[in-house]
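A.B. asks: One structure, as structure tokens, below. Some questions next.
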Amino acid sequence: MTDRLARARGFLRERLGGPEASSSLIEGGASFAYVFGAVLAFLLVVEAATGLALAAFYSPSATDAWASVAYIQDRASWGWVVRGVHHHGGAAIVVVAGLHLVQTAVAGAYRRPRELVWWLGVLLLVLVLAWAVTGYVLRWDQAGFWANRVEMQIASGTPLVGQQVREVAIGGNEYGNLTLTRFYALHVILLPAIVTLVTVFHVRLARRHGPTPLRARPASPRWPDQALRNAIAMAIVFAILLGYVVSQHGADLAAPADASRAYDARPLWYLRWLFELRTLTNSELVALVAPAVVGGFLVGLPLLDTGPDRAPRRRLVWLAACAGLFAVIGALTVMSLARDAGDDALAKRRVEADQLATRARMLARENGVPVTGAHDIYATAPHYTARAIYTERCANCHDAESKERKGPIIAAGHGDRAWLKAFLVDPRHDRFWGKTKLVARTLEAEAAEKEDSPSAAIDAAEFTRAMPPVTVTGKDLEDLVEFVYAQSGAPDVTEAKQQAGAKVYADASCDDCHASKEGEVGASAPNLFGLGSTAYYTDFVGNPKLPIHMNADKSEMPRFDRELSHAEREALAIYLDWLRTATVADVEALAD
């Protein structure tokens, strides 16, 4: 027992190193091959500084997370730079850590007595990847949200404890505030603390043992020889990082997280190999086992490669194994990226997702984010409720592109002077009432009358015929248009033309069919009072079959006062009123 304890102490003493092992000299001389550790430490400091700045603005709740990130990205001074450095800095750490791993493997620096240094380095790489994963979901956008769902789905495939792991991670059965607070705690408290402790221990041990000599040269001092090289490498890496951040204008931000809206989830690029492996095998278990195999190989490498010679040519088997492992990971990553690049349907969906994200961020800048959450951001767009109602209830009968259109086309300029003039000149045109049954019956009756065929004629008393074209022209027509246009209460009415139009209206006997005073019922046509105003449309959409409007025998349009609330009908009316002065570009801008 005493011998075993002594051997254990000797093992630890050799691996941990003693004060006597620490040196200010570098065996084999200073080299840029030794800068990776210093650069990694520098990048971790950068991540800590930028993370602290981001935390000052970030709100870890399902209603506010996306909004706070959008504010940082699009409104806070230099926020996009800080966020970009933090986001892409994580990728830079993975790249530099990978290079450091390769450099250490080539030098054989994982061998006795540096096994513990190597193992701590592998652990740090795993922690950094976990750090990235926990941070990605904090954006609470479609990309981070759906990527995390995939990750949790893979984690739930862990035998025996998978479902429990998932529930603990997301805080129950569904994603919400607890999901964010738990990942936020992991990302900004637990993982930073663990990474800091492991890093300090790793650096301390590495300094005690010193770098593995790469060449037979005299030792040189760390300061200033190696320190200068470290500083140059840090400056170069930071310059590249900053340049990339500027070229990308920070980091991407997708539309707000929405479980009801499908999204093509993809993990961060350095985890794409796992995504491709899962796609190829269609197995969650394989995606769990693969990282364990990779990690197990890296952990076991110092125990497998125990020969006396560190020269790379003497360790070709193990270096080939490492190269093969990284080649497989690289190949899977390239396959995943190439698969996406060749998918035209995916490219189309990505364009649509980007457009949705752009619109969400634009609305957040202009209108703010609703207190109900960023998923309701689109409802802040002008006439959002009205356009949604129109799409669901009205477009089938009134949209120009509808194959089942039955009524007048509703579009930009609806109800303006040009529209009214065209309507008065030819109300039976396809653009107006041309597709209604009322016009069809009227034309049938008029054709029968011209043929003087009583048996084929429809009794005019059975229905009211469609409005005929007006007979006035020239200035009288313009004045009549102004009179009808004035009924909407539009502020740009010309008083003199309106009064002249009222006389034309009376002289042309329009009042034989129409009423023009509030509450009156025309003999056979709608009351024109308030025509085109918000109040008029609200009442008309509620029940167009009322005698004051179209009357039941003339209107095919259903009543909506039982299906739509007054507020919804009023919102739709405001939108119709807005269309009178809107251009085609205005309408397209709302739809974008």
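A.B. asks: Taking all protein chains together and a probe of 1.4 Å, list T436, T385, T471 from the most accessible to the least accessible. The partial results should precede the final answer.
C.D. replies: Working: T436 20, T385 70, T471 125 Å².
Descending order: T471, T385, T436.
A.B. asks: Another question about this same structure. Can you give the accessible area of C513, probe radius 1.4 Å, in Å² rounded to 10?
C.D. replies: 50
A.B. asks: Shifting gears a bit: In the structure shown, do any of K517/K545; K437/K503; K450/K497 have a Cα-Cα gap over 28 Å, and if so which?
C.D. replies: K437/K503; K450/K497
A.B. asks: Separate question: Rounded to the nearest 0.05, what FRET efficiency do I232 and V95 have when you use their Cβ-Cβ distance and R0 = 25 Å? All intermediate terms of the calculation are to be shown ahead of the outcome.
C.D. replies: Working: r = 18 Å, r/R0 = 0.71.
Plugging the Cβ-Cβ distance into 1/(1 + (r/R0)^6) gives 0.90.
A.B. asks: Output ³J(HN,Hα) for the stretch 103-112: one whole-Hz value per residue in order, computed from phi by the Karplus curve 6.51 cos²θ - 1.76 cosθ + 1.60 with θ = phi - 60°, and x for Gly and Pro.
C.D. replies: Working through the residues one at a time gives 4, 5, 5, 4, 7, x, 7, 8, 7, 3 Hz.
A.B. asks: Please find the FRET efficiency linking T358 to R112, where r is the Cβ-Cβ separation and R0 is fixed at 60 Å, and quote it to the nearest 0.05.
C.D. replies: 0.60
A.B. asks: Counting other C-beta atoms within 10 Å, and keeping those with at most 12, which DSSP coil trypsin sites (Lys or Arg not before Pro) do you find in the stretch 541-592?
C.D. replies: Values: sites: K545, K554, R559, R562, R569, R580; in loops: K545, K554, R559, R562, R580.
Within the stretch 541-592, the qualifying trypsin sites (Lys or Arg not before Pro) (loop, at most 12 other Cβ atoms within 10 Å) are R562.
A.B. asks: Arrange the residues V470, V137 by how much accessible surface each exposes, largest first, with a 1.4 angstrom probe. Before the final figure, lay out the partial values.
C.D. replies: On the way: V470 40, V137 0 Å².
Of V470, V137, the descending order of accessible area is V470, V137.
A.B. asks: What is the gain in length, in nm to one decimal, between R339 and S283 on full extension, counting 0.36 nm per residue of separation less the C-alpha to C-alpha distance? The partial results should precede the final answer.
C.D. replies: On the way: separation 56, 0.36 × 56 = 20.16 nm, distance 1.84 nm.
Stretched fully, the R339-S283 segment lengthens by 18.3 nm.
A.B. asks: In the set (1) 3, 16, 21, 16, 11, 12, 11, 7, 2, 0; (2) 3, 12, 18, 16, 12, 10, 9, 8, 6, 4, 2, 1, 0; (3) 3, 14, 21, 21, 17, 12, 8, 3, 1, 0, which value of P(r) over Cα pairs in 10 Å bins from 0, in percent was calculated from the structure you see?
C.D. replies: It is the one labelled (2).
A.B. asks: Find how much the distance from R350 to Q498 grows on full extension, using 0.36 nm per residue of separation minus their present alpha carbon separation; answer in nm with one decimal.
C.D. replies: Working: separation 148, 0.36 × 148 = 53.28 nm, distance 5.30 nm.
Result for the pair: 48.0 nm of gain on full extension.
A.B. asks: What distance in nm separates the simple spin-label points at A239 and A422, each placed 7 Å from Cα in the Cβ direction?
C.D. replies: 6.2
A.B. asks: Oh, and also: For n ≥ 4 DSSP H runs only, could you compute -39500 (n - 2.57) per run for the chain, divide by its residues and tell me the 222 nm figure to the nearest 500?
C.D. replies: On the way: 23 runs with 340 residues, N = 592.
Roughly -18500 deg cm²/dmol at 222 nm, from the helical runs in the chain.
A.B. asks: Provide the solvent-accessible area of R361, counting protein heavy atoms only and rolling a 1.4 Å probe, rounded to the nearest 10 Å².
C.D. replies: About 50 Å², ignoring ligands and nucleic acids.
A.B. asks: Okay, moving on. I'd like to check one number: the per residue accessible area of the chain, probe 1.4 Å, reported in Å² as a whole number.
C.D. replies: On the way: 30850 Å² over 592 residues.
Normalised by residue count, the accessible surface of the chain is 52 Å².
A.B. asks: To the nearest 20 debye, what charge dipole does the chain have about its Cα centre, counting +1 at the Cβ of each Lys and Arg and -1 at the Cβ of each Asp and Glu? Before the final figure, lay out each step's value.
C.D. replies: Values: 60 positive and 63 negative charges, 1032 e Å.
Charge dipole of the chain: 4960 debye, to the nearest 20.
A.B. asks: Now, a different point. Taking the Cβ of S509 as the centre, find all other residues whose Cβ is under 14 Å away and add up their charges (Lys, Arg: +1; Asp, Glu: -1).
C.D. replies: Numbers: positive: K503; negative: D476, D507, D511, D512.
It works out to a net charge of -3.
A.B. asks: Which shape class applies to the stretch 16-168: rounded if a/c is under 1.5, otherwise prolate when a/b exceeds b/c and oblate if not, where a ≥ b ≥ c are the square roots of the Cα gyration tensor eigenvalues?
C.D. replies: Numbers: a/c = 2.90, a/b = 1.54, b/c = 1.88.
Because a/c hits 1.5 or more and a/b fails to exceed b/c, the stretch 16-168 counts as oblate.
A.B. asks: Then there's this: So how much slack lies between A323 and R562, counting 0.36 nm per residue of separation and subtracting their Cα-Cα distance, in nm? Present the calculation step by step, with values, prior to reporting the outcome.
C.D. replies: Values: separation 239, 0.36 × 239 = 86.04 nm, distance 7.09 nm.
That pair, A323 and R562, stretches by 79.0 nm at full extension.
A.B. asks: Between Q163 and Q248, what is the label-point separation in nm under the 7 Å Cα-to-beta-carbon projection?
C.D. replies: Going from the Q248 label point to the Q163 one covers 3.8 nm.
A.B. asks: Okay, next question. What FRET efficiency comes out for R204 versus A400 if R0 is 60 angstrom and r is the Cβ-Cβ distance? Round to the nearest 0.05. Write down the numbers at each step before the final one.
C.D. replies: Working: r = 74 Å, r/R0 = 1.23.
FRET efficiency, R204 to A400: 0.25.
A.B. asks: Give, as a single signed number, the net charge of other residues whose beta carbon lies under 14 Å from the beta carbon of F560, with Lys and Arg counted +1 and Asp and Glu -1. Intermediate values should be presented prior to the final figure.
C.D. replies: Details: positive: R393, K545, R559, R562, R569; negative: E392, D539, E556, D561, E563, E568, E570.
Charge balance near F560 sits at -2.
A.B. asks: Taking the Cα centre of each part, how many Å lie between the stretch 470-527 and the stretch 61-110?
C.D. replies: Cα centres, the stretch 470-527 to the stretch 61-110: 68 Å.
A.B. asks: I would also like to ask the following. Can you bin the stretch 485-588 into rounded, prolate or oblate? Criterion: square roots of the alpha carbon gyration tensor eigenvalues sorted a ≥ b ≥ c, rounded for a/c under 1.5, prolate for a/b above b/c, oblate for the rest. Numbers along the way, then the final one.
C.D. replies: Working: a/c = 2.32, a/b = 1.16, b/c = 1.99.
Because a/c hits 1.5 or more and a/b fails to exceed b/c, the stretch 485-588 counts as oblate.
A.B. asks: For the pair L52/F297, report the inter-label distance in nm, with labels modelled 7 Å from Cα in the Cβ direction.
C.D. replies: 4.0
A.B. asks: Do any trypsin sites (Lys or Arg not before Pro) in the stretch 474-535 lie in a DSSP loop with no more than 16 other beta carbon atoms within 10 Å, and if so, which? Display every interim value, and only then the final one.
C.D. replies: Numbers: sites: K475, K497, K503, K517; in loops: K517.
In loop regions of the stretch 474-535 (DSSP not H, G, I, E or B), the sparsely surrounded trypsin sites (Lys or Arg not before Pro) are K517.
A.B. asks: Can you run phi through the Karplus equation (6.51, -1.76, 1.60; θ = phi - 60°) for the stretch 314-323 and list ³J(HN,Hα) in whole Hz, with x for Gly and Pro?
C.D. replies: Once rounded to whole Hz, the list reads 8, 10, 4, 4, 6, 5, 5, 5, 4, 4.
The values are calculated or read from the model by the stated rules, or taken from the named source; none is laboratory data. Keep in mind it's a predicted model, so treat the numbers as computed, not measured. Positions of Cβ are generated from backbone atoms using ideal geometry, with glycine treated the same way; all protein chains shown enter the neighbour counts. Each accessible area value is taken on the protein alone, full model and side chains, heavy atoms only, with ligands, DNA and RNA left out. Shrake-Rupley method; radii C 1.70, N 1.55, O 1.52, S 1.80 Å.
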